[in-house]
Amino acid sequence: MERASQIKKLSDKGKIWDMVVVGGGATGLGVAVDAATRGMSVACLEKTDFAKCTSSRSTKLVHGGVRYLQKGDVMLVLEALRERGRMKANAPHLVKDQAFVISNYRYWDNFLYFCGLTFYDLLSFGFGYGRSKYISAKKVMKYIPTSVEKGLKGGVVYHDGQFDDSRMAINLAQTCVENGGTVVNEATVTGILHNEAGKVAGVKFVDNTTGEEYTVKARSVVNAAGCFVDDIMHMDSPEHRKMVTPSQGVHIVLDMKFLQSDYAIMVPKTSDGRVLFAVPWHDKVVVGTTDIVRPTPEEEPRPLKEEIDFILGTAGLYMNPAPTYKDILSVFAGQRPLAAPKKEGKNTKEISRSHK
Ligand SMILES: Cc1cc2nc3c(=O)[nH]c(=O)nc-3n(C[C@H](O)[C@H](O)[C@H](O)COP(=O)(O)OP(=O)(O)OC[C@H]3O[C@@H](n4cnc5c(N)ncnc54)[C@H](O)[C@@H]3O)c2cc1C
(Lines give C-alpha, C1' and ligand atoms only; values in the text may rest on other atoms or scores of the structure.)
Protein backbone atom coordinates (compact mmCIF):
# COMPACT_ATOMS: atom_id res chain seq x y z
CA MET A 1 0.00 0.00 0.00
CA GLU A 2 2.38 2.62 -1.28
CA ARG A 3 1.15 6.19 -0.65
CA ALA A 4 2.15 7.47 -4.10
CA SER A 5 0.03 4.83 -5.83
CA GLN A 6 -2.92 5.62 -3.55
CA ILE A 7 -2.84 9.37 -4.18
CA LYS A 8 -2.38 8.82 -7.93
CA LYS A 9 -5.81 7.20 -8.00
CA LEU A 10 -7.26 10.48 -6.72
CA SER A 11 -5.79 12.62 -9.49
CA ASP A 12 -8.32 11.35 -12.06
CA LYS A 13 -10.49 14.52 -12.25
CA GLY A 14 -13.24 12.83 -14.31
CA LYS A 15 -13.88 10.01 -11.85
CA ILE A 16 -16.93 10.11 -9.61
CA TRP A 17 -16.34 8.06 -6.46
CA ASP A 18 -19.18 6.29 -4.67
CA MET A 19 -17.91 7.59 -1.35
CA VAL A 20 -15.26 9.84 0.16
CA VAL A 21 -14.60 9.44 3.88
CA VAL A 22 -13.09 12.35 5.79
CA GLY A 23 -10.92 11.08 8.67
CA GLY A 24 -8.78 7.97 9.05
CA GLY A 25 -9.49 7.04 12.67
CA ALA A 26 -11.38 3.95 13.83
CA THR A 27 -14.70 5.31 12.53
CA GLY A 28 -13.54 6.52 9.10
CA LEU A 29 -11.46 3.43 8.38
CA GLY A 30 -14.30 1.18 9.56
CA VAL A 31 -16.73 2.97 7.22
CA ALA A 32 -14.20 2.70 4.35
CA VAL A 33 -13.76 -1.06 4.89
CA ASP A 34 -17.53 -1.49 4.99
CA ALA A 35 -17.97 0.46 1.74
CA ALA A 36 -15.08 -1.28 -0.07
CA THR A 37 -16.30 -4.75 0.88
CA ARG A 38 -19.73 -3.86 -0.57
CA GLY A 39 -18.04 -3.14 -3.87
CA MET A 40 -18.22 0.65 -3.66
CA SER A 41 -15.38 2.86 -4.90
CA VAL A 42 -14.22 4.59 -1.71
CA ALA A 43 -11.41 6.95 -0.74
CA CYS A 44 -10.52 7.68 2.88
CA LEU A 45 -8.58 10.91 3.49
CA GLU A 46 -6.68 11.43 6.74
CA LYS A 47 -5.20 14.79 7.75
CA THR A 48 -2.27 13.46 9.81
CA ASP A 49 -1.66 9.72 10.21
CA PHE A 50 -4.10 6.86 10.63
CA ALA A 51 -5.28 6.64 14.25
CA LYS A 52 -3.07 9.60 15.17
CA CYS A 53 -5.89 11.29 17.11
CA THR A 54 -8.36 9.65 19.50
CA SER A 55 -8.07 6.19 17.98
CA SER A 56 -4.58 5.60 19.45
CA ARG A 57 -5.31 7.12 22.86
CA SER A 58 -7.96 4.79 24.23
CA THR A 59 -7.88 2.46 27.23
CA LYS A 60 -7.52 -0.27 24.58
CA LEU A 61 -10.50 -2.25 25.84
CA VAL A 62 -12.92 -4.17 23.69
CA HIS A 63 -15.81 -3.90 26.06
CA GLY A 64 -19.52 -4.25 26.24
CA GLY A 65 -19.70 -1.18 28.47
CA VAL A 66 -20.20 -2.56 31.95
CA ARG A 67 -20.68 0.95 33.25
CA TYR A 68 -23.57 1.58 30.84
CA LEU A 69 -25.27 -1.40 32.45
CA GLN A 70 -25.15 0.51 35.74
CA LYS A 71 -27.08 3.26 33.94
CA GLY A 72 -29.62 0.75 32.66
CA ASP A 73 -28.66 1.26 28.99
CA VAL A 74 -29.18 -2.43 28.15
CA MET A 75 -29.61 -1.96 24.38
CA LEU A 76 -26.25 -0.17 24.12
CA VAL A 77 -24.58 -2.95 26.14
CA LEU A 78 -26.16 -5.65 23.97
CA GLU A 79 -24.90 -3.99 20.80
CA ALA A 80 -21.41 -3.45 22.25
CA LEU A 81 -21.20 -7.06 23.47
CA ARG A 82 -21.96 -8.32 20.00
CA GLU A 83 -19.31 -6.02 18.52
CA ARG A 84 -16.89 -7.24 21.18
CA GLY A 85 -17.45 -10.83 19.97
CA ARG A 86 -17.13 -9.88 16.31
CA MET A 87 -13.86 -8.01 16.87
CA LYS A 88 -12.29 -11.08 18.44
CA ALA A 89 -13.56 -13.30 15.64
CA ASN A 90 -12.37 -10.91 12.90
CA ALA A 91 -9.02 -9.88 14.40
CA PRO A 92 -7.85 -12.55 16.86
CA HIS A 93 -4.25 -11.33 16.40
CA LEU A 94 -5.20 -7.93 17.91
CA VAL A 95 -7.90 -8.80 20.45
CA LYS A 96 -7.40 -10.94 23.51
CA ASP A 97 -9.39 -11.93 26.55
CA GLN A 98 -8.57 -9.78 29.59
CA ALA A 99 -9.60 -10.72 33.13
CA PHE A 100 -10.48 -7.88 35.53
CA VAL A 101 -10.71 -7.93 39.31
CA ILE A 102 -13.16 -5.72 41.18
CA SER A 103 -12.00 -5.52 44.80
CA ASN A 104 -14.83 -5.01 47.27
CA TYR A 105 -14.62 -3.37 50.67
CA ARG A 106 -18.30 -4.02 51.53
CA TYR A 107 -19.86 -7.52 51.61
CA TRP A 108 -22.91 -6.18 49.79
CA ASP A 109 -20.75 -5.19 46.79
CA ASN A 110 -19.66 -8.83 46.31
CA PHE A 111 -23.29 -9.75 45.76
CA LEU A 112 -24.14 -6.67 43.72
CA TYR A 113 -21.24 -6.91 41.26
CA PHE A 114 -21.43 -10.68 40.97
CA CYS A 115 -25.11 -10.46 39.99
CA GLY A 116 -24.52 -7.51 37.64
CA LEU A 117 -21.61 -9.17 35.88
CA THR A 118 -23.38 -12.51 35.58
CA PHE A 119 -26.18 -10.60 33.83
CA TYR A 120 -23.46 -9.02 31.60
CA ASP A 121 -22.22 -12.55 30.72
CA LEU A 122 -25.77 -13.65 29.92
CA LEU A 123 -26.29 -10.67 27.62
CA SER A 124 -23.17 -11.66 25.68
CA PHE A 125 -24.66 -15.09 24.98
CA GLY A 126 -22.89 -16.66 22.00
CA PHE A 127 -20.25 -13.89 21.94
CA GLY A 128 -18.84 -14.45 25.40
CA TYR A 129 -15.33 -14.13 26.74
CA GLY A 130 -14.58 -15.77 30.15
CA ARG A 131 -17.25 -16.24 32.85
CA SER A 132 -17.54 -13.98 35.90
CA LYS A 133 -16.94 -15.41 39.36
CA TYR A 134 -16.87 -14.35 43.00
CA ILE A 135 -13.45 -14.62 44.74
CA SER A 136 -12.47 -14.39 48.40
CA ALA A 137 -10.30 -11.58 49.80
CA LYS A 138 -7.39 -14.06 49.93
CA LYS A 139 -7.82 -14.77 46.23
CA VAL A 140 -7.98 -11.05 45.43
CA MET A 141 -4.54 -10.70 47.06
CA LYS A 142 -3.30 -13.68 45.06
CA TYR A 143 -4.57 -12.32 41.75
CA ILE A 144 -3.55 -8.69 42.43
CA PRO A 145 -0.78 -8.77 45.07
CA THR A 146 -0.62 -4.96 45.14
CA SER A 147 -4.26 -4.58 46.28
CA VAL A 148 -4.99 -2.60 49.44
CA GLU A 149 -5.66 -5.44 51.89
CA LYS A 150 -7.14 -3.48 54.81
CA GLY A 151 -10.92 -3.87 54.88
CA LEU A 152 -11.00 -6.14 51.81
CA LYS A 153 -14.15 -8.29 51.82
CA GLY A 154 -13.71 -10.19 48.54
CA GLY A 155 -13.91 -9.54 44.84
CA VAL A 156 -15.42 -10.39 41.50
CA VAL A 157 -13.51 -11.46 38.40
CA TYR A 158 -15.03 -10.66 35.03
CA HIS A 159 -13.81 -10.69 31.44
CA ASP A 160 -13.66 -8.21 28.59
CA GLY A 161 -11.25 -7.85 25.69
CA GLN A 162 -8.07 -5.87 25.19
CA PHE A 163 -6.88 -4.70 21.78
CA ASP A 164 -4.16 -2.70 20.08
CA ASP A 165 -6.08 0.34 18.87
CA SER A 166 -3.48 1.78 16.46
CA ARG A 167 -2.66 -1.59 14.92
CA MET A 168 -6.38 -2.24 14.47
CA ALA A 169 -6.62 1.02 12.50
CA ILE A 170 -3.64 0.12 10.30
CA ASN A 171 -5.14 -3.33 9.66
CA LEU A 172 -8.45 -1.69 8.70
CA ALA A 173 -6.58 0.56 6.23
CA GLN A 174 -4.85 -2.50 4.76
CA THR A 175 -8.14 -4.42 4.53
CA CYS A 176 -9.74 -1.46 2.78
CA VAL A 177 -6.96 -1.37 0.15
CA GLU A 178 -7.07 -5.17 -0.27
CA ASN A 179 -10.74 -4.77 -1.14
CA GLY A 180 -10.12 -2.12 -3.76
CA GLY A 181 -10.47 0.97 -1.52
CA THR A 182 -8.08 3.93 -1.44
CA VAL A 183 -6.61 5.38 1.76
CA VAL A 184 -4.30 8.38 2.00
CA ASN A 185 -2.70 9.92 5.05
CA GLU A 186 -1.34 13.51 5.25
CA ALA A 187 -4.34 14.56 3.15
CA THR A 188 -6.28 17.48 4.66
CA VAL A 189 -9.82 18.06 3.47
CA THR A 190 -10.17 21.82 2.98
CA GLY A 191 -13.54 22.23 1.30
CA ILE A 192 -16.79 20.60 0.25
CA LEU A 193 -17.96 20.58 -3.37
CA HIS A 194 -21.64 21.21 -4.20
CA ASN A 195 -23.59 20.47 -7.36
CA GLU A 196 -26.05 22.86 -9.07
CA ALA A 197 -28.81 21.72 -6.70
CA GLY A 198 -26.61 22.69 -3.73
CA LYS A 199 -26.08 19.07 -2.69
CA VAL A 200 -22.72 17.78 -1.47
CA ALA A 201 -20.81 16.39 -4.46
CA GLY A 202 -17.27 15.76 -3.22
CA VAL A 203 -14.33 17.35 -1.43
CA LYS A 204 -11.19 19.38 -1.96
CA PHE A 205 -8.06 18.27 -0.19
CA VAL A 206 -4.39 19.21 0.08
CA ASP A 207 -1.54 16.72 0.00
CA ASN A 208 0.42 17.91 3.04
CA THR A 209 3.66 16.43 1.72
CA THR A 210 3.65 18.46 -1.54
CA GLY A 211 1.10 21.23 -0.97
CA GLU A 212 -0.74 20.11 -4.11
CA GLU A 213 -4.54 20.62 -4.17
CA TYR A 214 -6.94 17.93 -5.37
CA THR A 215 -10.63 17.87 -6.21
CA VAL A 216 -12.48 14.59 -5.70
CA LYS A 217 -16.05 14.19 -6.94
CA ALA A 218 -18.20 11.75 -4.99
CA ARG A 219 -21.81 10.60 -4.72
CA SER A 220 -21.56 10.65 -0.93
CA VAL A 221 -19.24 12.17 1.65
CA VAL A 222 -18.94 10.68 5.13
CA ASN A 223 -17.77 13.04 7.82
CA ALA A 224 -15.75 10.88 10.24
CA ALA A 225 -13.44 13.63 11.47
CA GLY A 226 -13.90 12.72 15.14
CA CYS A 227 -13.73 15.80 17.36
CA PHE A 228 -13.26 17.89 14.20
CA VAL A 229 -16.64 16.92 12.71
CA ASP A 230 -17.96 20.47 13.21
CA ASP A 231 -15.05 21.99 11.21
CA ILE A 232 -16.10 19.85 8.25
CA MET A 233 -19.80 20.71 8.80
CA HIS A 234 -18.89 24.40 8.73
CA MET A 235 -17.17 23.91 5.36
CA ASP A 236 -20.59 22.78 4.15
CA SER A 237 -22.68 25.40 5.93
CA PRO A 238 -21.34 28.06 8.33
CA GLU A 239 -24.65 28.00 10.27
CA HIS A 240 -24.49 24.34 11.14
CA ARG A 241 -25.47 23.46 14.70
CA LYS A 242 -22.64 22.19 16.93
CA MET A 243 -22.74 18.39 16.76
CA VAL A 244 -19.78 17.25 18.82
CA THR A 245 -18.65 17.87 22.38
CA PRO A 246 -15.01 16.88 22.90
CA SER A 247 -14.59 15.01 26.16
CA GLN A 248 -11.02 14.57 27.29
CA GLY A 249 -9.67 11.39 28.85
CA VAL A 250 -6.18 10.91 30.26
CA HIS A 251 -4.13 7.81 31.07
CA ILE A 252 -0.91 7.50 33.01
CA VAL A 253 1.63 4.71 32.48
CA LEU A 254 3.25 3.10 35.52
CA ASP A 255 5.82 0.40 36.15
CA MET A 256 4.50 -3.16 36.43
CA LYS A 257 5.45 -3.19 40.13
CA PHE A 258 2.14 -1.39 40.78
CA LEU A 259 0.12 -4.35 39.47
CA GLN A 260 2.39 -7.43 39.36
CA SER A 261 -0.32 -9.38 37.60
CA ASP A 262 -1.87 -10.34 34.27
CA TYR A 263 -5.22 -9.42 35.80
CA ALA A 264 -6.42 -5.83 35.45
CA ILE A 265 -8.05 -3.72 38.18
CA MET A 266 -11.48 -2.23 37.62
CA VAL A 267 -12.77 0.36 40.07
CA PRO A 268 -16.53 0.42 39.45
CA LYS A 269 -17.34 3.69 41.18
CA THR A 270 -14.95 6.58 41.54
CA SER A 271 -15.60 9.81 43.43
CA ASP A 272 -16.84 11.43 40.19
CA GLY A 273 -19.19 8.50 39.49
CA ARG A 274 -17.07 6.95 36.73
CA VAL A 275 -14.97 3.81 36.48
CA LEU A 276 -11.18 3.56 36.60
CA PHE A 277 -9.01 0.86 35.03
CA ALA A 278 -5.45 -0.28 35.67
CA VAL A 279 -4.60 -2.61 32.81
CA PRO A 280 -1.39 -4.49 31.97
CA TRP A 281 0.04 -3.22 28.68
CA HIS A 282 3.44 -4.31 27.26
CA ASP A 283 4.99 -4.97 30.70
CA LYS A 284 3.69 -1.65 32.03
CA VAL A 285 0.38 -0.61 33.58
CA VAL A 286 -2.00 1.86 31.91
CA VAL A 287 -4.22 3.63 34.46
CA GLY A 288 -7.20 5.81 33.56
CA THR A 289 -9.29 7.51 32.60
CA THR A 290 -11.00 10.87 33.05
CA ASP A 291 -13.96 12.54 31.35
CA ILE A 292 -13.74 16.32 31.11
CA VAL A 293 -15.55 18.52 28.62
CA ARG A 294 -13.24 20.71 26.52
CA PRO A 295 -14.40 23.89 24.80
CA THR A 296 -12.61 23.17 21.49
CA PRO A 297 -11.04 20.02 20.04
CA GLU A 298 -7.26 19.73 20.05
CA GLU A 299 -4.97 17.63 17.87
CA GLU A 300 -2.48 17.30 20.71
CA PRO A 301 -4.61 17.41 23.86
CA ARG A 302 -2.68 18.11 27.05
CA PRO A 303 -3.51 16.43 30.33
CA LEU A 304 -4.74 18.77 33.05
CA LYS A 305 -3.23 18.64 36.52
CA GLU A 306 -6.65 17.90 38.00
CA GLU A 307 -6.89 14.81 35.76
CA ILE A 308 -3.54 13.40 36.89
CA ASP A 309 -4.41 14.19 40.53
CA PHE A 310 -7.72 12.36 40.13
CA ILE A 311 -6.11 9.25 38.60
CA LEU A 312 -3.34 9.10 41.19
CA GLY A 313 -5.77 9.78 44.06
CA THR A 314 -8.22 7.08 42.96
CA ALA A 315 -5.53 4.50 42.10
CA GLY A 316 -3.96 5.09 45.51
CA LEU A 317 -7.15 3.91 47.23
CA TYR A 318 -6.75 0.47 45.60
CA MET A 319 -3.01 0.07 44.94
CA ASN A 320 -0.34 -0.54 47.53
CA PRO A 321 2.08 1.24 47.29
CA ALA A 322 0.04 4.20 46.08
CA PRO A 323 1.59 5.68 42.90
CA THR A 324 2.83 9.27 43.05
CA TYR A 325 3.84 11.86 40.46
CA LYS A 326 7.41 10.60 40.37
CA ASP A 327 6.22 7.10 39.43
CA ILE A 328 4.57 8.28 36.21
CA LEU A 329 6.51 7.00 33.20
CA SER A 330 4.34 8.71 30.60
CA VAL A 331 0.93 10.29 30.08
CA PHE A 332 -1.37 10.32 27.08
CA ALA A 333 -4.58 12.22 26.47
CA GLY A 334 -7.35 11.80 23.93
CA GLN A 335 -10.67 13.46 23.18
CA ARG A 336 -13.90 11.52 22.67
CA PRO A 337 -16.13 12.84 19.89
CA LEU A 338 -19.39 12.72 21.83
CA ALA A 339 -22.72 13.78 20.36
CA ALA A 340 -23.31 17.31 21.66
CA PRO A 341 -26.24 17.40 24.08
CA LYS A 342 -29.15 19.66 23.19
CA LYS A 343 -28.92 21.14 26.67
CA GLU A 344 -25.62 22.96 27.25
CA GLY A 345 -23.63 22.18 30.38
CA LYS A 346 -24.51 18.49 30.58
CA ASN A 347 -21.72 16.44 32.12
CA THR A 348 -19.80 14.49 29.43
CA LYS A 349 -19.95 11.29 31.45
CA GLU A 350 -23.76 11.56 31.24
CA ILE A 351 -23.79 11.83 27.44
CA SER A 352 -24.86 8.54 25.87
CA ARG A 353 -22.19 6.75 23.85
CA SER A 354 -24.75 5.40 21.41
CA HIS A 355 -25.08 6.62 17.81
CA LYS A 356 -26.89 9.81 16.93
C1 LIG B 1 -9.54 8.43 27.01
C2 LIG B 1 -10.31 7.57 26.06
C3 LIG B 1 -10.45 6.21 26.32
C4 LIG B 1 -11.15 5.41 25.43
N5 LIG B 1 -11.20 4.06 25.65
C6 LIG B 1 -11.80 3.25 24.75
C7 LIG B 1 -11.72 1.85 24.90
O8 LIG B 1 -11.11 1.33 25.83
N9 LIG B 1 -12.32 1.09 23.96
C10 LIG B 1 -12.98 1.64 22.89
O11 LIG B 1 -13.53 0.90 22.07
N12 LIG B 1 -13.06 2.99 22.72
C13 LIG B 1 -12.45 3.79 23.62
N14 LIG B 1 -12.48 5.14 23.43
C15 LIG B 1 -13.27 5.69 22.33
C16 LIG B 1 -12.54 5.56 21.00
O17 LIG B 1 -11.17 5.85 21.14
C18 LIG B 1 -13.18 6.53 20.01
O19 LIG B 1 -14.57 6.25 19.93
C20 LIG B 1 -12.60 6.40 18.61
O21 LIG B 1 -11.21 6.42 18.62
C22 LIG B 1 -13.13 7.55 17.76
O23 LIG B 1 -12.61 7.37 16.49
P24 LIG B 1 -12.88 8.44 15.36
O25 LIG B 1 -12.39 7.83 14.10
O26 LIG B 1 -14.29 8.87 15.42
O27 LIG B 1 -12.00 9.70 15.79
P28 LIG B 1 -10.42 9.96 15.56
O29 LIG B 1 -9.59 8.79 15.90
O30 LIG B 1 -10.09 11.22 16.26
O31 LIG B 1 -10.32 10.15 13.99
C32 LIG B 1 -10.76 11.33 13.34
C33 LIG B 1 -9.71 11.64 12.30
O34 LIG B 1 -10.16 12.68 11.44
C35 LIG B 1 -9.02 13.39 11.02
N36 LIG B 1 -9.41 14.69 10.49
C37 LIG B 1 -9.86 15.78 11.15
N38 LIG B 1 -10.05 16.80 10.32
C39 LIG B 1 -9.73 16.36 9.08
C40 LIG B 1 -9.68 16.96 7.81
N41 LIG B 1 -10.02 18.25 7.62
N42 LIG B 1 -9.28 16.22 6.75
C43 LIG B 1 -8.93 14.91 6.91
N44 LIG B 1 -8.93 14.30 8.10
C45 LIG B 1 -9.32 15.01 9.17
C46 LIG B 1 -8.18 13.50 12.28
O47 LIG B 1 -6.82 13.77 11.97
C48 LIG B 1 -8.41 12.13 12.92
O49 LIG B 1 -7.36 11.21 12.62
C50 LIG B 1 -11.77 5.97 24.29
C51 LIG B 1 -11.62 7.33 24.04
C52 LIG B 1 -10.87 8.12 24.89
C53 LIG B 1 -10.66 9.56 24.59
Examine the stretch 98-119 for a residue that is farther than 19 Å from Q70 by Cβ and touching a strand residue (DSSP E or B) at 6+ places or on another chain (Cβ under 7 Å), and state whether such a residue exists. yes
Tell me whether the stretch 92-100 contains one or more residues that are more than 23 Å from P246 (Cα to Cα), open to solvent by less than 20 Å² (accessible area, probe 1.4 Å), outside any strand (DSSP E or B) and away from the ligand (no atom under 16 Å from the Cβ). no
What number of residues within the stretch 296-333 are within 16 Å of the ligand (Cβ to nearest atom) and either closer than 30 Å to K242 by Cβ or of a type in the set (D, E, K, R) (or both)? 17
Single condition H63 does not satisfy, out of (1) over 13 Å from the mean Cα position of the chain (by Cα); (2) within 9 Å of the ligand (Cβ to nearest atom); (3) surrounded by 21 or more Cβ atoms within 10 Å (Cβ to Cβ); (4) not acidic (D, E): (1)
List pairs: first residue in the stretch 24-44 and in a loop (DSSP other than H, G, I, E, B), second residue more than 9 Å from the ligand (Cβ to nearest atom) and among the β-branched types (V, I, T) anywhere in the structure, Cβ distance under 7 angstrom, at least six positions apart or on different chains. G24/V183
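With the condition being within 12 Å of the ligand (Cβ to nearest atom), I'd like the strands (runs of 3 or more DSSP E) fully within the stretch 167-281 carrying at least 3 qualifying residues.
Details: elements: 182-184, 187-194, 200-207, 213-223, 244-255, 264-267, 276-281.
Result: 187-194, 200-207, 213-223, 244-255, 276-281.
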Within 14 Å of the ligand (Cβ to nearest atom), more than 30 Å from R274 (Cα to Cα) and among the basic types (K, R): which single residue out of K9, K52, K13, K47 fits that description? K47
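Report the residue count in the stretch 144-166 for those that are part of a helix (DSSP H, G or I) and open to solvent by 30 Å² or more (accessible area, probe 1.4 Å).
Filtering the stretch 144-166 down to residues part of a helix (DSSP H, G or I) leaves 165-166.
Next cut, open to solvent by 30 Å² or more (accessible area, probe 1.4 Å) only: 166.
Qualifying residue count, the stretch 144-166: 1.
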Of the numbered conditions (1) in a helix (DSSP H, G or I); (2) within 29 Å of A339 (Cβ to Cβ); (3) open to solvent by 50 Å² or more (accessible area, probe 1.4 Å), E299 satisfies every one except a single condition; which is it? (1)
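The values are calculated or read from the model by the stated rules, or taken from the named source; none is laboratory data. What you are looking at is a predicted structure, and each value in this text was computed from that prediction instead of being measured. Cβ: placed from backbone, ideal geometry, glycine included. Neighbour counts: every protein chain shown. All accessible areas refer to the heavy atoms of the entire protein, side chains included, with ligands and DNA or RNA removed. Shrake-Rupley method; radii C 1.70, N 1.55, O 1.52, S 1.80 Å.
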